[in-house]
1. Quick check on the exposure proxy: order ILE50, ILE63, ILE85 from fewest to most C-beta atoms within 10 angstrom.
2. Does segment 59-118 classify as rounded, prolate or oblate by the C-alpha gyration tensor (a ≥ b ≥ c root eigenvalues; a/c under 1.5 gives rounded; else a/b over b/c gives prolate, otherwise oblate)?
3. For segment 99-148, compute Rh as the Kirkwood radius over C-alpha pairs and then the Stokes-Einstein diffusion coefficient at 10 °C and 1.306 mPa s; write the answer in µm²/s, rounded to an integer.
4. Project the alpha carbons of the chain onto their principal axes and report the range along each, largest first, in whole Å.
5. For segment 71-148 and segment 16-35, what is the separation of their Cα centres, given in Å?
6. Report, in order of residue number, the helices in the chain meeting two criteria: a C-alpha extent of 30 Å or more along the helix axis, and a mean Kyte-Doolittle hydropathy of at least 1.6; treat each whole DSSP H run as one helix.
7. Between VAL78 and ASN98, what is the spin-label point distance in nm, taking each point 7 Å from the Cα along the Cα→C-beta axis?
8. Determine, from the Cβ-Cβ distance of MET108 and ALA64 and an R0 of 35 Å, the FRET efficiency 1/(1 + (r/R0)^6), rounded to the nearest 0.05.
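All of the numbers you see were taken from the coordinates with simple rules; none came from a lab. On a predicted model such as this, the values are computed, not experimentally measured, just so you know. Note that we place each Cβ from the backbone using ideal geometry, even for glycine, and neighbour counts take in every protein chain shown.
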Amino acid sequence: MNWIFLIFAFLIGISNAVQSGVNTELRESINNPILAGMTSFFVGLMVLSIAFACFNQNPIPSIADLKQVSWTRFLGGVLGAFYVITVIFIVRNIGPSNMMCLIIAGQMVTVMTIDHFGLQGFAVHHITLPRILGAILLVSGVYLILKN
């Protein structure tokens, strides 16, 4: 496995944790949680637009091409909005450590299911005893952090 991908995965974890606090501070600054979420997405759209303008080498799909894409393939935006707005609402109530532990636990259960059944076009990686033990350790860690 290429080490650069591992580093970027780690950096994603850092950015998700920092994003929670930044978006919550934005909410408190403008006193509007939904507008804070919209602002976060707008800034992200601007960054992606600049990256697209600078680095895109692929043809832009036509409207006809986009109409052929299943509506379910556009749910990433809905899920991203759900993540951002929910974090803005809950992080001050349960704390960033508790929130991130529960997010990671939810992600592990979901990705193990996706892997096991090969959902969303991913290769099948069956749930094995070591994976189950890893999940139990993770959930145990979540419990210990939440109990504090």
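1. The order, fewest Cβ neighbours first, is ILE63, ILE50, ILE85.
2. Verdict is oblate for segment 59-118.
3. Using the Kirkwood radius from Cα pairs, D works out to 138 µm²/s.
4. Dimensions of the chain along the principal axes of its Cα atoms: 48, 44, 31 Å.
5. Measuring centre to centre over Cα atoms gives 21 Å.
6. Helices meeting the span and hydropathy rule in the chain are 33-55.
7. My value for the distance between the label points is 3.0 nm.
8. Given R0 = 35 Å and the Cβ-Cβ separation, E is 0.30.
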